[in-house]
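Visitor: Supplied in structure tokens, the structure appears directly below.
The values are calculated or read from the model by the stated rules, or taken from the named source; none is laboratory data. Since the structure is predicted, the reported quantities are computational estimates derived from the model, not experimental observations. Accessible surface is based on the protein model in full, side chains and every heavy atom, while ligands, DNA and RNA are left aside. Shrake-Rupley method; radii C 1.70, N 1.55, O 1.52, S 1.80 Å.
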Amino acid sequence: MRLGWNCFTAALGLALGLATTACDSTPEGCDYYVEPGEDDQTAIQTAFIDAMDGETVCLAEGEYTLTDPIEISNRTDFTLRGEGMEATTLNFAGQTAGGTGIDMMNMTNVLIEDLGVIDAAGNGIRIQGSEGIVIRRVRAGWTTESSMENGKYAIYPVTSTNVLIEDSEAFNSADAGFYMGQTENCVMRNNLAYGNVAAYEVENSTNCEVYGNVAENNTGGILVFELPGLPATGGGTWVHDNEVRNNNVDNFAEEGAIVAFVPRGTGIFVLAANDVEISDNTVTGNEGTGLAVVSWGTVQVVDDSLGGEDPDYDPWSERVYVHDNTFENNGAMPGGDGSNEADPLWQIRALLAGAGVDIAMGLESILWDGLMEEGASESDVLCIQDNGAASFRDLDVVKLATSDPTADTNTDASPHDCTHDGWGEVDLSWAAFADE
């Protein structure tokens, strides 16, 4: 068993005739053991450099002061373990270089567990181009609330395959707390997100499952987005058994970011995504709406500067199946108090009022923008069944925005009384390497 880093420095001190302190052996299950000290940056980064395939770096309880990213790449079966997400904290508040706290690339079977990452200059934990990622009992975010100066993503796996994030916490991100981007086979389960612009986001990803999570006090709760100009296209997401409540934080994302389009008070938001099943969620207290299903045309109505040209992009939401959810007390104050006229729901509220629609009592729990591909039907886009007393509105956004006299915003959900194929569980057998 290897000596921990601080044990190594103590041994070196003895060899050089310097004063040292007693040193315990490295704990069982750890190949490298780091404790907080005078140079946490060097201690942790050196352990990362020295760690070979199949080895584990352990971080003792306490707070570590970091000034640069902690980086590792091209390892197989690598574990980074702390002593608890409240007990072991990597503090990047004094970061002077780089934009990420923990940065990993080209990894195979990586496990990160039982630690916290706070106040990184950019992203908290980013893992790129990797296969087999398990993030468990990790706390990541920023200590300042609702600040555009905060980093974008707290926990950020991207362009990867087989990803599991569970029992973790993300807070105060200026974009998404938990983000799955351009990823295949991904699961987010039993997590907590608060204070973020978006709590959970699945973007241009394939075969993903989001369940057992709590999204509370964010701008938007759960996002399933398909965006143009990205290196992957997605499809197939199951959002189920989540608590999505009171997501009424004013949007503080950087201007021009797509997430700046998310209206304050949105529970679940589907944008240009295909094959999405939304079931058995409890969606309450979101003052904008409980669920919005829109296509890219609505983004262009609100802000035509968002997104570039992408000839391969499919701009339509299709085959979205919403069933057996509980929607309560949503839509009471769409757009907030009107102080942010850029809020999409404030703009839609104004369009509806201009068309003579009385929304004094707010907006419905389920909103659809009314956009669909030529030749498609309402049922091809959206099926709605067994959601209790949830109300519905077809906004007919584009016609409203162009003052088309044929605009037909209505609350008739009967064309959506249909079913689509459900989306099954994501196979997690690959995650056996991280079994506890």
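Visitor: Do you know the relative contact order of region 44-167, to the nearest whole percent, from alpha carbon pairs under 8 angstrom that are 6+ apart?
Guide: 21 percent
Visitor: If you find the alpha carbon centre of region 363-436 and of region 154-180, how far apart are they in angstrom?
Guide: That distance is 25 Å.
Visitor: Related question: If you take the alpha carbon radius of gyration of region 272-405 and divide it by 2.2 N^0.38 Å, what ratio comes out, to two decimals?
Guide: Against the compact-globule rule of thumb, the ratio is 1.05.
Visitor: Right, here's the next one. On alpha carbon coordinates alone, what is the Rg over Rh value for region 129-229, Rh being the Kirkwood radius?
Guide: Ratio of gyration radius to Kirkwood radius for region 129-229: 0.94.
Visitor: Under a 1.4 angstrom probe, counting protein chains only, how are 377, 403 ranked by accessible area, largest first?
Guide: These residues rank, largest area first, as 403, 377.
Visitor: With a 1.4 Å probe and all protein chains left in place, how much of the accessible area of region 38-95 comes from carbon and sulfur atoms, in whole percent?
Guide: 42 percent
Visitor: Report the Cα-based extents of the chain along its three principal axes, largest first, to the nearest Å.
Guide: 89, 43, 39
Visitor: For 52, 333, what's the largest-to-smallest order of accessible area, 1.4 Å probe?
Guide: Correct descending sequence by accessible area is 52, 333.
Visitor: With every protein chain in place, what's the accessible area of residue 304 (1.4 Å probe, Å², nearest 10)?
Guide: Only protein atoms counted, so the area is about 130 Å².
Visitor: Report the Rg/Rh value for region 235-351, based on alpha-carbon coordinates and the Kirkwood definition of Rh.
Guide: Reported Rg/Rh, Kirkwood definition of Rh: 0.97.
Visitor: In percent, how large is the relative contact order of the chain, given Cα pairs closer than 8 Å and 6 or more residues apart?
Guide: Once divided by the residue count of the chain, the mean separation gives 8 percent.
Visitor: Can you pull the accessible area of residue 372 for me, 1.4 Å probe, Å² to the nearest 10?
Guide: About 60 Å², ignoring ligands and nucleic acids.
Visitor: Can you tell me the mean projection area, over all orientations, of the convex hull of region 356-399's alpha carbons? Units nm², please.
Guide: 4.0 nm²
Visitor: Ratio of region 257-324's C-alpha Rg to 2.2 N^0.38 Å, to two decimals?
Guide: Here the Cα radius of gyration is 1.20 times the empirical estimate.
Visitor: Oh, and also: Provide the per residue accessible area, probe 1.4 Å, for region 67-108, rounded to a whole number of square angstrom.
Guide: Per-residue value: 39 Å².
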